[in-house]
Amino acid sequence: MSAVSAPRVLVAWYPDWPVLTTGLPSGLPVAVAAANTVAAVSTAARHTRAWEPAVVAVAAFTPAVEVVAPGEVALSTQGPSRYFGGDEALAEAVAGAVDRSVGHPGCRVGVADGRFAAGLAARVAPAASGPVVVVPRGSSGQWLAPQPVTTLDPVLGSPDLADLLVRMGVRTLGDLAALPYTSVLGRFGPAGATAHRL
């Protein structure tokens, strides 16, 4: 959450992608677990598809597409945003292209200053009000500040750090960012330093 201007990033995320890739017949109730935690669940209407068509669809907007994980891609908005008329229009276009490519609605898109903030924006995009959250340029730090530290779990790969932070009274990303970096590094090690940087 530094004052240094981060590049604008768009992240397109498809919820519950692991369920779609199981290959199980549609209509079955399916849960995918990882490390004794439910990672994804199905609805009866979901169909199994490969993620490659979605990557190809997003590559039509820019050749510089990063596959973050199955069901998630990221790209810089710098050129495509101008071409499509702004971040909101680009995000809507990407969400539509991903949905069409996998044959099922559900893609969520976040745009923010940096990949972590954009990915979190995609994950909190409310389905009821649309698939897109665009954090205004330069305000990602303010937008991230009230988010719970548990949002770090998928990035760090373990809920242990977030759980410890909550028990110590550090409940939001803003609370964590307010702590001195050297103190966080000394107390929580590399995982704490990564969390503080994000």
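The values are calculated or read from the model by the stated rules, or taken from the named source; none is laboratory data. In this text, all values refer to a predicted model and were calculated from it rather than measured experimentally. Here Cβ is always computed from backbone atoms with ideal geometry, including for glycine, and neighbour counts include all displayed protein chains. With ligands, DNA and RNA removed, areas are computed over all heavy atoms of the protein, side chains included. Shrake-Rupley method; radii C 1.70, N 1.55, O 1.52, S 1.80 Å.
Rounded if a/c is under 1.5, else prolate if a/b beats b/c, else oblate: with a ≥ b ≥ c from the C-alpha gyration tensor eigenvalues square-rooted, which is the stretch 85-198? Here the stretch 85-198 falls in the prolate category.
With K and R counted +1 and D and E -1, the other residues having a Cβ less than 13 Å from that of Leu179 yield a net charge of +2.
Computed over protein heavy atoms with a 1.4 angstrom probe, the accessible surface ordering of Arg108, Arg8, largest first, is Arg108, Arg8.
At a probe radius of 1.4 angstrom, the accessible area of the stretch 98-196 per residue rounds to 48 square angstrom. Among the protein heavy atoms of the stretch 52-198, carbon and sulfur supply 58% of the accessible surface, probe 1.4 Å, non-protein parts ignored. Under the criterion of Cα pairs below 8 Å and six or more residues apart, the relative contact order for the stretch 111-170 equals 25 percent. Heavy-atom accessible area, probed at 1.4 angstrom with all protein chains present, ranks Trp51, Trp13 as Trp13, Trp51, highest first. Would the stretch 53-136 count as rounded, prolate or oblate if I go by the C-alpha gyration tensor, calling it rounded below 1.5 in a/c and otherwise prolate when a/b exceeds b/c, oblate otherwise? Note, shape of the stretch 53-136 comes out rounded.
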